[in-house]
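Colleague: One structure follows; several queries about it will come next.
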There are 2 protein chains.
Amino acid sequence: MAILEGKRVSSEIKLQIIEEINILKKTTGKVPGLSVVIVGENEASKAYVKSKDRMASELGIKSNVIEFDENISSDKLIQKIIELNENDEVNGILIQLPLPKKFNTWEILDNINPDKDVDCLLPINLGMIFLNRTTIFPCTPAGILKILDFYNINVSGMNAVVVGRSFIVGKPIATMLTNKNATVTICHSKTKNLADHLRRANLLISAIGRPGFISEDMVKEGSILIDIGINYINKKDDVNEYCVESQIKKFDRKGYAITGDIHKKAYKKASYYTPVPGGVGPMTVTMLMYNTLQLFKKKQNLLK
Amino acid sequence: MAILEGKRVSSEIKLQIIEEINILKKTTGKVPGLSVVIVGENEASKAYVKSKDRMASELGIKSNVIEFDENISSDKLIQKIIELNENDEVNGILIQLPLPKKFNTWEILDNINPDKDVDCLLPINLGMIFLNRTTIFPCTPAGILKILDFYNINVSGMNAVVVGRSFIVGKPIATMLTNKNATVTICHSKTKNLADHLRRANLLISAIGRPGFISEDMVKEGSILIDIGINYINKKDDVNEYCVESQIKKFDRKGYAITGDIHKKAYKKASYYTPVPGGVGPMTVTMLMYNTLQLFKKKQNLLK
């Protein structure tokens with residue numbers, strides 16, 4: 001069993017991005033720009049936005065974070081999006097989700113210029129994935145493909161089982177794997193006999209959000225396990241049951257730890273697996289930066 | 001084993017369309033309009049276009065067929081599409097596919113106003129299916145759902161296996177079934193051990209295009225078989241092997257017959273199946289008319 005070190009892949013891609021931006025800055029006199037819009041006081045969202053802002057700065061991307069009070073009207077928010085659409089220095093626009101409940105999310109998001117849809121969640125951009133006409137993907141699925149590429153794993157002919165059908169992870173990664181010649185099954189909350197499906201998977205991708213839910217007996221010997229789950233654990237017993245050694249130590253220091261959807265005992269049956277933390281997680285923000293760079297290059301007609 | 005009589009479902013929907021258009025004509029003073037563009041001399045395409053034009057007229061849809069010589073330039077063809085986009089009497093624009101090889105198909109199709117994309121094949125409209133935000137679907141998948149609805153078949157929790165990953169049938173029906181809570185697997189030419197997948201299907205949808213390819217031993221007892229294949233047979237031995245009784249008689253009269261992808265011997269294991277002919281086939285053109293009506297109603301703000 002080999003570890004798919006997303007953290008390492010992420011570091012390599014970040015170095016490539018820095019290098020490429022340096023060159024582009026010299027040739028075009030410009031750098032990619034990312035605008036992140038956050039509405040309301042969700043602490044988790046604020047932390048994500050902060051880490052995105054920080055990474056953008058590290059990589060040479062011009063980042064600006066626009067914060068709004070929860071009381072802002074839909075019209076004002078849309079007006080800001082239109083302003084960002086028209087701003088030539090902005091290549092990617094990200095509206096941090098979830099928006100506060102009073103908003104109709106799509107009524108807001110549909111205003112983003114599809115050429116600046118850095119999260120790749122607008123219908124036209126998802127449709128382009130469906131039609132296999134694009135190389136820009138939502139960040140987490142894009143990160144999964146980068147990890148597989150890095151380790152020279154060819155999915156053609158594999159049975160892939162995706163657990164979760166969100167439009168941010170499950171559905172796009174399923175379509176992307178179908179386009180790469182895998183035979184893909186999407187499972188979800190209404191699936192019957194989930195374990196039977198999982199046991200047939202050469203490639204198992206889990207985006208459920210339940211700690212250790214996928215147990216040793218549910219995975220196939222020699223399979224590849226990709227874990228999108230990031231689950232917070234704050235009970236000592238649970239930490240010992242679900243978390244890897246480094247997280248157990250973290251719990252002793254900080255009182256919490258994280259773990260994935262796939263139980264650590266299942267790892268030994270796998271040929272490859274992504275750990276939590278350090279697997280797919282670190283790829284997501286990196287791919288946001290990667291997408292910002294792609295959109296910048298697309299605008300400069302530099303995208304192959 | 002019960003027959004899913006697409007022909008009958010199609011007839012009922014046609015009656016509903018006629019009735020609704022009559023009412024809309026009185027209330028709005030307008031009728032839905034469909035424009036079909038055909039380029040070149042493909043005989044099969046010409047026959048399809050003719051049948052579409054005829055059915056539109058029968059149902060009270062204002063249809064016009066625009067024929068171009070294969071020598072027309074892309075620019076001229078695009079100019080015609082823009083003209084149709086601007087024509088208020090045209091609710092649906094259909095470019096008959098395949099276009100002659102000299103054309104870049106998407107370079108042409110991408111010019112259709114998405115609100116007039118009656119075949120539902122533009123990225124934005126496929127993306128809306130992906131996001132479960134629409135009730136307008138490509139014609140063949142739409143026809144499949146109508147048949148299942150008509151016979152009160154609820155796919156929630158079923159294992160559905162779709163064979164074929166085209167953007168016209170396989171991928172959209174897979175997404176639509178996922179949205180309806182089925183657990184869906186898409187198989188295709190690169191799938192290994194196809195029969196193993198098929199034998200697990202409660203609902204099997206085949207869009208392969210090979211006569212009788214799916215044999216009795218590949219289908220599950222009690223399953224629902226949906227056959228999209230329309231395969232022409234012109235050898236006596238093949239007709240006897242693959243075709244149903246009425247088609248064997250047709251062969252004796254006309255020298256050809258049609259059959260589906262699913263072998264007739266497999267029918268007896270099914271709880272329901274769509275025959276060929278008379279199953280999904282008759283639904284496709286009917287759903288084109290249905291979509292034209294939907295787009296008309298959408299434009300008049302009458303779509304629920």
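Just so it is clear, none of the values below were taken in a lab; they were calculated from the coordinates. Worth saying up front: this structure is predicted, and the values here are computed from it rather than measured. Counting neighbours? That spans all protein chains shown, and the Cβs are built from the backbone with ideal geometry, glycine included.
Colleague: How high is the FRET efficiency from residue B:253 to residue B:113, r the C-beta distance, R0 51 Å, rounded to 0.05?
Modeller: It comes out at approximately 0.70.
Colleague: Now, a different point. For A:193-200, what's the mean count of beta carbons from other chains sitting within 10 Å of each residue's beta carbon?
Modeller: Partner Cβ neighbours, averaged per residue: 2.
Colleague: Please express the Cα-Cα pair-distance distribution P(r) of region B:71-122 as a list of whole percents, one per 10 Å bin, running from 0 to the bin with the greatest distance.
Modeller: 25, 59, 16, 0
Colleague: I want the antiparallel fraction of DSSP beta bridges within chain B, as a percent rounded to 5.
Modeller: Percent antiparallel among DSSP bridges in chain B is about 10.
Colleague: Would you mind calculating the gained length between residue A:234 and residue A:75 on full extension (0.36 nm times residue separation, minus the Cα-Cα distance), in nm to one decimal? Please report the intermediate quantities before stating the final value.
Modeller: Working: separation 159, 0.36 × 159 = 57.24 nm, distance 4.05 nm.
Result for the pair: 53.2 nm of gain on full extension.
Colleague: At q = 0.09, 0.12 Å⁻¹, what log₁₀ I(q)/I(0) does a Debye calculation on the Cα points of the protein assembly as shown give, no solvent, two decimals?
Modeller: -0.82, -1.33
Colleague: Considering only Cα-Cα distances, which of the following residue pairs are longer than 18 Å: A:146/A:269; A:171/A:299; B:220/B:265?
Modeller: A:146/A:269; A:171/A:299
Colleague: Let me ask you something else. Which of the pairs A:264/B:192; B:26/B:304; B:101/B:236; A:80/B:297 have their Cα atoms more than 24 Å apart in this structure?
Modeller: A:264/B:192; B:101/B:236; A:80/B:297
Colleague: While we're here: What is the Cα coordinate range of region B:137-283 on the first, second and third principal axes, sorted by size from largest, in whole angstrom?
Modeller: Computed over region B:137-283, the largest-to-smallest principal extents equal 45, 30, 27 Å.
Colleague: I need the Kirkwood Rh of chain A: take the reciprocal of the average 1/r across all distinct C-alpha pairs and report it in angstrom.
Modeller: Numbers: mean 1/r = 0.0494 Å⁻¹.
It is 20.2 Å.
Colleague: Right, something else. Give me the percent relative contact order of region B:180-291, please, defined on Cα pairs under 8 angstrom at least 6 residues apart.
Modeller: On the way: 188 pairs, mean separation 32.1, N = 112.
That works out to 29 percent.
Colleague: I would also like to ask the following. What is the helix-to-structure angle for A:245-254, meaning the angle in degrees between its Cα long axis and the longest Cα principal axis of chain A, kept from 0 to 90 and rounded to the nearest 10?
Modeller: 60
Colleague: Now for a separate question. Between 0 and 90 degrees, rounded to the nearest ten: what's the tilt of helix A:6-28 against the longest Cα principal axis of chain A?
Modeller: On a 0 to 90 degree scale, this one is about 20.
Colleague: Continuing with the same structure: For chain B, find the longest principal axis of its Cα atoms and tell me its angle to the long axis of helix B:139-150, 0 to 90°, nearest 10.
Modeller: So the inclination is approximately 60 degrees.
Colleague: While we're looking at this one, here's another question. Could you work out, residue by residue across A:165-175, how many beta carbons of other chains sit within 10 Å of that residue's beta carbon, and then give the average as an integer?
Modeller: Mean number of neighbouring Cβ atoms from other chains: 3.
Colleague: Need the C-alpha centroid separation for region B:175-193 versus region B:88-145, integer Å.
Modeller: Centre-to-centre distance over Cα atoms comes out at 22 Å.
Colleague: Continuing with the same structure: When the gyration tensor of region A:188-263 is built from Cα positions, what are the square roots of 5 times its three eigenvalues, in whole Å, from largest to smallest?
Modeller: 26, 12, 10
Colleague: Related question: Among B:48, B:256, what is the fewest-to-most ranking by other Cβ atoms within 10 Å?
Modeller: Working: B:48 17, B:256 13.
Listed from fewest to most nearby Cβ atoms, that is B:256, B:48.
Colleague: Going by how many other Cβ atoms sit within 10 Å of their own, how do B:20, B:12 line up, fewest first?
Modeller: Result, fewest neighbours first: B:12, B:20.
Colleague: Could I ask something else about it? Over region A:191-243, what is the mean sequence separation of C-alpha contacts under 8 Å (at least six apart), divided by residue count, expressed as relative contact order in percent?
Modeller: Details: 52 pairs, mean separation 20.5, N = 53.
In percent, rounded to a whole number, it is 39.
Colleague: Would you work out the relative contact order for region B:28-116, in percent, from Cα pairs under 8 angstrom that are 6 or more residues apart?
Modeller: 39 percent.
Colleague: What whole number of Å gives the distance from the Cα centroid of region A:270-304 to the Cα centroid of region A:205-240?
Modeller: Result: 23 Å between the Cα centres.
Colleague: Okay, moving on. Which percent, to the nearest 5, of DSSP beta bridges fully inside region B:28-116 are antiparallel?
Modeller: Once the DSSP bridges in region B:28-116 are tallied, antiparallel ones form about 0 percent.
Colleague: Moving on. Quick check on the exposure proxy: order A:11, B:223 from fewest to most C-beta atoms within 10 angstrom.
Modeller: A:11, B:223
Colleague: Just round it to a whole percent: the fraction of Cα-Cα distances in region A:100-185 exceeding 15 Å.
Modeller: Above the 15 Å cut-off, region A:100-185 has 61 percent of its Cα pairs.
Colleague: Rg to Rh for region B:28-116: what is it, with Cα atoms only and Rh by Kirkwood?
Modeller: Using Cα coordinates only, the ratio equals 0.96.
Colleague: How well do other chains shield peptide A:150-157, expressed as the mean number of their Cβ atoms within 10 Å of each residue Cβ?
Modeller: Whole-number average of other-chain Cβ neighbours for A:150-157 is 1.
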